[in-house]
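Some notes on the structure that comes next.
The values are calculated or read from the model by the stated rules, or taken from the named source; none is laboratory data. The structure displayed is predicted, hence computed values, not measured ones. Here Cβ is always computed from backbone atoms with ideal geometry, including for glycine, and neighbour counts include all displayed protein chains. SASA here: full protein model, heavy atoms, side chains in, ligands and nucleic acids out. Shrake-Rupley method; radii C 1.70, N 1.55, O 1.52, S 1.80 Å.
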Amino acid sequence: NAGVTQTPKFRVLKTGQSMTLLCAQDMNHEYMYWYRQDPGMGLRLIHYSVGEGTTAKGEVPDGYNVSRLKKQNFLLGLESAAPSQTSVYFCASSYAMNTEAFFGQGTRLTVV
Amino acid sequence: AQSVTQLGSHVSVSEGALVLLRCNYSSSVPPYLFWYVQYPNQGLQLLLKYTTGATLVKGINGFEAEFKKSETSFHLTKPSAHMSDAAEYFCAVSDYNRDDKIIFGKGTRLHILP
């Protein structure tokens, strides 16, 4: 049982480059989330989805876009990376918004 | 809107000593409360949760937490710390509306002294 899988695990980008982070879950969860984790800031919600074909903004959405074309996948895109987007990114999924969230292993992104 | 405050970004205890990690929340309705643990270079995993019913909740690895409505607290405890408990711990809150988001605290890093 894979749970939540994120790819890639590590990435270094140059300022201005673009990339997409992939999140896949095999638990048939409706809800999926993208968080970023920075020292002393805890987890901050970037975007989330309440079902296939839907997306919504979280706490810190600027500079990111997302898509949920298939129920099991939730993609996070950076169109023009900035050093301020250096962070660890976590994807999570849950049965409902207020129930236990299952997290991926994280993607460590460095923008130079 | 809900919010979570974790007192102390770093807590150090000796191996075998009591672990107490503090969490206070604010919510206008009865909350759902969670504690998650994050080991180095890993994602978060659920330690325990309170939804309704018994206010003392037992979780994995010997941890427990008590929901105290009058104090708006959900402190995490473990009677005897083990070296393997060294990790970062996050308290989180949501309310019973299934479309309300889970709000995480900023985290407390637990250090275990030999």
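For segment A:1-103, the solvent-accessible area with a 1.4 angstrom probe is 47 square angstrom per residue. Take the Kirkwood radius over Cα pairs of segment B:67-114, plug it into Stokes-Einstein at 37 °C and 0.692 mPa s, and you get 251 µm²/s for translational diffusion. Here segment B:1-40 has an Rg and Dmax of 13.1, 38 Å, counting Cα atoms alone.
Counted over segment A:9-63 with a bin width of 5 Å, the fraction of Cα pairs per bin, in whole percents, is 4, 13, 21, 25, 22, 11, 4, 0.
For the pair B and A, the buried accessible area comes to roughly 1700 Å² in total, with a 1.4 Å probe and the value rounded to the nearest 100. The distance from the alpha carbon centre of segment B:40-113 to that of segment A:37-112 is 22 Å, rounded to a whole number.
For segment A:63-112, the relative contact order comes to 32 percent (Cα pairs under 8 Å, sequence separation of at least 6).
Using only alpha carbons, chain A has a radius of gyration to Kirkwood radius ratio (Rg to Rh) of 0.94.
Note: relative contact order over chain A, using C-alpha pairs below 8 Å and six or more positions apart, is 35 percent. Only protein heavy atoms count here; on that basis, with a 1.4 Å probe, A:L69 has an accessible area of about 150 Å². The smallest convex shape that holds all Cα atoms of segment B:22-114, its convex hull, gives 104 Å³ per residue.
By how many nm would the segment from B:T55 to B:L7 grow when fully extended, if each residue of separation counts as 0.36 nm and the alpha-carbon distance is taken off?
Using 0.36 nm per residue and subtracting the Cα-Cα distance, I get 15.2 nm.
Rolling a 1.4 Å probe over the protein heavy atoms gives segment B:1-95 an accessible area of 46 Å² per residue. Note on the protein assembly as shown: the C-alpha convex hull projects to 12.4 nm² when averaged across all orientations. Overall, the accessible surface of the protein assembly as shown at a probe of 1.4 angstrom is composed of carbon and sulfur to the extent of 53 percent.
Among residues other than A:T110 whose Cβ falls under 12 Å from its Cβ, what is the net charge (Lys/Arg +1, Asp/Glu -1)? Each step should come with its number before you reach the end.
Numbers: positive: A:R11, A:K14, A:R108; negative: none.
That works out to +3.
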